[in-house]
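Asker: The structure that follows is given in the form of C-alpha cells.
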Amino acid sequence: MSSRTPNSAPETGRSRRAIWLWAAVIGLVFGLIQFGQPLEDVLRTSRNAAHARQASGDIVIVAVDNRSLETLASWPWPRHRYAALINELNELDAKEIAFDIGFSTGADSGEERLLVDAIERAKGKVVLPIRPVRDAVTGRWRNVLPAPELRRQATLASIYVKYNFQSKVWKLPYGITSQGVAYPALSTYLAGRTGRTGEVFTIDYSTRLDSIPVISAVDLLEGKVERGRIAGKSVIVGATATEVAKTYFIPGTGQAPEVYLHVLGAETLRRGQPVELGWLMPLVAVLGLLAVYQFVDNRWLARLAVGGAALIVFVLPFAAEARLVFFDGVPAMAALLIVVVNRSWTEFRQSYKARGLTNPISGLPNLNALREVETPGVTLVAARVHNFAEITSALAQGAEKILVDQIVARIGIGFAGATIYQGDEGIFVWLVERESMSDLGDQLEALHALCRTPVAVAGVHVDLVVSFGADAGDRAINSRIGSALVAADEAAAEGLRWKEFDAAKLKDAAWKLSLLGRLDTAIDDGEMWVAYQPKLDLATRRIVGAEALVRWSHPEKGEISPAEFIPAAEQHNRIEKLTAHVLEDAVRSTAAINARGIDFNIAVNLSARLLDNFDIVDRIRALLARHRLPAAKLTLEVTESAAMSSNTQSFEVLERLRALGVNISIDDYGTGFSTLEYLKKIPATEIKIDRGFVRMIDRSHSDKLMVNSTIQLAHSLGRKVVAEGVESEEILEALAAMGCDDAQGFLIARPMKLRALLKTLILEYRRIAA
C-alpha cells in the first residue's frame, strides 16, 4: 500500500474523518441487523474445513439406519427392541446409553415393563430425551418428557436444537428449564460439562462427520459388535434412516440426521468451553487501528495499524476458532474494507498522476518530469547507452533495474547531487550549473573512462557503449533534450566521448525534416558516392583491401554525416536501395582493381534489416557474376549486436552467403555481449575489433587485455582479425605484436575516392615490384 505524501492530491483531515465515521456506522449496522451473517457463515465454514479434525471416538452412534428398518420391519419400534439395545450395550460395558428417540407416548404394559427393567439393570447409564414440541394451535414450544415410569431410573436431557433463518444450526443450548426444573442438553451431559440453562454455545464443525464411529442397530441386536467398540464409551441411539430421521442443515456438510448435531456438540464441549465474543469487540478494535491508519502521519505506524486490523479480520478468527474462541468478524471486515478501499483508490489516483512522471522500472523521474522543471542558466547533459537494448534483452527479468542503478551510480560519482532523469532505451539526462564547456568536457571525459569498466549485473559482466551530449542554450527544455541527444549520437559516430550541440545547426532543422525525401533523389542524382578506406596486412605491411563507406555530398549543404542519414534510412526502409548502390560501386571497382593484377578485397556494411530476406543472397550472386568478381573477394560486415540478435531466418541468410563464398565479418566487436557459443554458431570468417578498444590499448590495460584475448580467441576459432581506428605507430606495432591480421585507421589512410585509391595501390605495387 503506497504511503501518503504531503504534496499529493488533497485529501483533507475532514474527509478522512468522514470516511472513518461511515465505516463505523456501517460496521454497527452490519452487527446489529446481522446483515453480514451469510458471509460470516461461509467464512467460518471455510475455516472449519481448513483445520478439520478427527472425532475423539469416545462417543458412538448406534444408528437406526435403512438396513435396520429393512431387517427389523415396522416403525416405530416396540419397546422390547429398545430394551434389547440397552441390554446389549450394558453387556458390552457402555459408559452411557443416551437416546435421541422420544418415549413420551404410552405402550403396552408388557412392552413398557421390558424397557423399564432394562433401564433399571443399566443402573443409571440410560439418558432419555426431553423433546420440544410445537403446539399446532398457539405456535408455542413445549417440552415433552418421557413417560413417568421410564424416567424414574433414567437421566433426562434435552434434545432441543436451535436453527437460524437459513435453517442452519450453529449453536446448541447448554440446557433448558421445564416446569421449574433445570435439565442439561444431551450434548452437555455427554461431554460432562455444565452451563447456565438458556445459554447457548457455538458448535465446532471442524470435527469431521465421517470420523464419528457409527454402528448399525441391527448389528448390535444380532450380536455382531465387538466389545472393544463399545466398552467405556458414551453411546447415543438415534434414527438416521431416510424415512424416519429428523434432519438439519449442518454447515459445510449439508442435511444430516439430528443425532450428529448432539455428537458434534458433545465433541466441542469435551475439547473445552467455547467462548463467544460477538461482533462488537473486534469492530471496536479494528476501528481503533483504522483511526491510527487514517490520522497518524507516520507511514510505518500506519502500515502496522492496517496490518493489525487485517490480522484481526482475516487471520485471528482461524487461530481463535481452533481454540474454541468465536467472534463475528464481518462487521469489522466491512469497516476495514471501506477505509482501505477508499484510501487505496485515493492514493491510486495520486500515483497514477505521478506515474506519468516516473520510470516504472527504475523509479527515476522521466523526461516528462524534466519538462516541468524551470531550467534558466543551466547546461543540459544527455548520456546515451547505445547497447542498452541489447544488454537488457539478454538479462533476466528484473535485472534491468540493477543495470540502471549501476549506471546512475556512476553518473553520480561524476556529478554528485544531480537529479538523473531516465528516458527510453538507455537515455539519461541531468542538469548542471552553467560553466565553461572545457571544465564540463573534463568531467565527461572522466565519466566516460569510468563507464568503460564492465558492469556486473546478475553475475554477467557487460561493457557499456556510452556517449555524451551537452546543450548550454536557453531554448525550451524539450528542444534541448533532443539537441543534446543528437550531439551524443554524433559523438558516437565520430568516435568521440562527448560533443556539444552546435546551435548553428538549428538553421538546418527544416532541411533535416525533409532528409528522407531527398535521400532517394540523392542516390539517383549522384550525390551519394562511395569512399574507400584501405586495410593494411600487418605481416607484409601491404594494402590488401578496403572498406566501402557511403558519403553524401549535397550541392548546398556540403558533406552530410553518415550518422545523420544512415539511421534514418534504416528506420524508414530506405537502407535496401542505399546498400544496393554501395554494393554495385564497390564490387565493380574491386573487379576493376583485380583485373589490373592487384590482389584486392572489399568490405561492405550490411544492415541487419536486410538479413530478414533471402533475396539478398540472389542479388549478391547476380552482382558478383555480372562483374566477374570471385565471391572470396567480398566481405560483408554485420555489426555484433545485429549478429547476436539474429533470428533463425537471419542465421540461414548468413549461412547461404557463406556457402556462396562471401566472407562474413562481425563488425564493432566488443560493443555487444557475444558468448563463445554464439561466436562458434555465427558463420563468420572475420572479427573486426571496435575502434573504441583499439584507440586505448596504449593507455588502458583492460582494453589491451581485451584486444589481445579477442585476437587469440578468433584465431583459435579459425577467424581472421581486423582492428579499426588505428591512429598511431605505437598502436600499430602493439597490434602487430599481438598477432592481429589487418589494421584500418587514419594512420594508414583516410577514406578516399576510387581514383585516389587506385593511385595509392599503383604506387605501392610499383614500390614492391622495384
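Asker: Dipole of the chain (Lys/Arg Cβ +1, Asp/Glu Cβ -1, origin at the Cα centre): which of Asn359, Leu578, Ser74 lies farthest to the positive side?
Answerer: Result: Ser74, furthest along the dipole toward the positive end.
Asker: What whole-number volume per residue, in cubic angstrom, does the convex hull of the C-alpha atoms of the chain give? Kindly include the intermediate steps, with their values, before the conclusion.
Answerer: On the way: hull volume 212.4 nm³, N = 770.
Taking the convex hull of the Cα positions in the chain, it is 276 Å³ per residue.
Asker: With angles folded into 0 to 90 degrees, how steeply does helix 754-769 sit against the dominant principal axis of the chain? Use alpha carbons for both and round to 10.
Answerer: 70
Asker: A further question follows. Taking the Cα centroid of the stretch 531-557 and of the stretch 570-637, what is the distance between the two, rounded to the nearest whole Å?
Answerer: One Cα centre to the other: 15 Å.
Asker: Right, something else. Starting from the Cα-Cα distance between Leu717 and Ala231, subtract it from 0.36 nm times their residue separation and give me the gain in nm to one decimal.
Answerer: Fully extending the segment from Leu717 to Ala231 adds 166.3 nm.
Asker: Would you mind telling me the antiparallel percentage of the DSSP bridges in the chain, rounded to 5?
Answerer: 50
Asker: State, in angstrom, two size descriptors of the stretch 317-431 derived from its alpha carbons: Rg to one decimal place and Dmax to the nearest whole number.
Answerer: 22.5, 72
Asker: Pop out the carbon and sulfur fraction of the accessible area of the stretch 200-271 as a percent, whole number, probe 1.4 Å.
Answerer: Using a 1.4 Å probe with all protein chains present, the stretch 200-271 comes out at 43 percent carbon and sulfur.
Asker: Figure the gain on full extension for Ala409 and Val181 (residue separation times 0.36 nm, minus the Cα-Cα span) and round it to one decimal in nm.
Answerer: Full extension from Ala409 to Val181 adds 73.6 nm.
Asker: Which of the GluC sites (Glu not before Pro) across the stretch 302-379 are loop residues per DSSP, with 13 or fewer other Cβ within 10 Å?
Answerer: Glu372, Glu374
Asker: Less than 14 Å Cβ to Cβ from Ala157, Lys/Arg counted +1 and Asp/Glu -1: what total charge do the surrounding residues give?
Answerer: Around Ala157, the surrounding residues sum to +1.
Asker: Within the stretch 101-189, what whole-number % of the accessible surface is contributed by carbon and sulfur, with the 1.4 Å probe and all protein chains included in the calculation? Working shown, then result.
Answerer: Details: 2260 of 4560 Å².
On the stretch 101-189, the fraction of accessible area on carbon and sulfur atoms equals 50 percent.
Asker: At 7 Å along Cα-to-Cβ for each site, give me the label-to-label distance between Ser56 and Thr685 in nm.
Answerer: Using points 7 Å along Cα→Cβ, the separation is 9.2 nm.
Asker: State, as an integer percentage, the relative contact order of the stretch 20-166 based on alpha-carbon contacts under 8 Å between residues 6 or more apart.
Answerer: Once normalised by length, the contact order is 18 percent.
Asker: Summing +1 for each Lys or Arg and -1 for each Asp or Glu, what net charge is found among the other residues whose Cβ lies under 12 Å from the Cβ of Ile119?
Answerer: Spelling it out: positives minus negatives among the neighbours equals +3.
Asker: For the stretch 527-630, calculate the relative contact order in percent as a whole number, restricting contacts to Cα pairs under 8 Å that are 6 or more residues apart.
Answerer: 25
Asker: So, for the stretch 170-232, what is the accessible surface per residue at a probe of 1.4 Å, expressed in square angstrom?
Answerer: Accessible surface, normalised per residue, equals 45 Å².
Asker: Ok, one more. Can you compute the helix-only [θ] at 222 nm over the chain? Use -39500 (n - 2.57) per DSSP H run of at least 4 residues, normalise by all residues, nearest 500 deg cm²/dmol.
Answerer: -13500 deg cm²/dmol
Asker: Further question: Say the dipole of the chain comes from +1 at the beta carbon of Lys and Arg and -1 at that of Asp and Glu; which of Thr635, Gly718, Thr392 then lies farthest toward its positive end?
Answerer: Positive-end residue among those listed: Thr392.
Asker: Check each of the trypsin sites (Lys or Arg not before Pro) in the stretch 99-159 and keep only those in coil by DSSP with at most 10 other C-beta atoms within 10 angstrom; list them in order.
Answerer: On the way: sites: Arg113, Arg121, Lys123, Lys125, Arg134, Arg140, Arg142, Arg151, Arg152; in loops: Lys123, Lys125, Arg140, Arg152.
Qualifying residues, ordered by number: Lys123, Arg140.
Asker: Enter the accessible area per residue of the stretch 516-615 (Å², integer; probe 1.4 Å; all protein chains in place).
Answerer: Here the residues of the stretch 516-615 average 43 Å² of exposed surface.
Asker: Right, next: Chymotrypsin sites (Phe, Trp or Tyr not before Pro), restricted to the stretch 100-188: which are DSSP loop and have at most 16 other Cβ atoms within 10 Å? List each step's numbers first, then the result.
Answerer: Working: sites: Phe103, Trp141, Tyr160, Tyr163, Phe165, Trp170, Tyr174; in loops: Phe103, Tyr160, Tyr163, Phe165, Trp170, Tyr174.
For chymotrypsin sites (Phe, Trp or Tyr not before Pro) across the stretch 100-188 that sit outside H, G, I, E and B with at most 16 neighbouring Cβ atoms in 10 Å, the list reads Tyr163, Phe165.
Asker: Given the C-alpha centroids of the stretch 16-33 and the stretch 262-320, what is the distance between them in whole angstrom?
Answerer: 17
Asker: Something else now. May I ask for the angle, rounded to the nearest 10°, between helix 79-91 and the longest principal axis of the chain, with both axes built from Cα atoms and the value confined to 0 to 90°?
Answerer: Long axis of 79-91 versus the principal axis of the chain: about 70 degrees.
Asker: Now, a different point. Set the bar at 24 Å for Cα to Cα. Now go through Lys95/Lys171; Lys633/Lys720; Lys557/Lys577 and name every pair that lies beyond it.
Answerer: Lys95/Lys171
Asker: Remind me, relative contact order of the chain in percent, using alpha carbon pairs under 8 angstrom and six or more residues apart?
Answerer: RCO, the chain: 9 percent.
Asker: Rounded to a whole number, what % of the accessible area of the stretch 290-414 do carbon and sulfur atoms account for, probe 1.4 Å?
Answerer: 64
The values are calculated or read from the model by the stated rules, or taken from the named source; none is laboratory data. Not measured: the values here are computed from a predicted model. Cβ atoms come from the backbone with ideal geometry, glycine included; neighbour counts cover every protein chain shown. Protein only, heavy atoms only, side chains kept; ligands, DNA and RNA dropped before computing areas. Shrake-Rupley method; radii C 1.70, N 1.55, O 1.52, S 1.80 Å.
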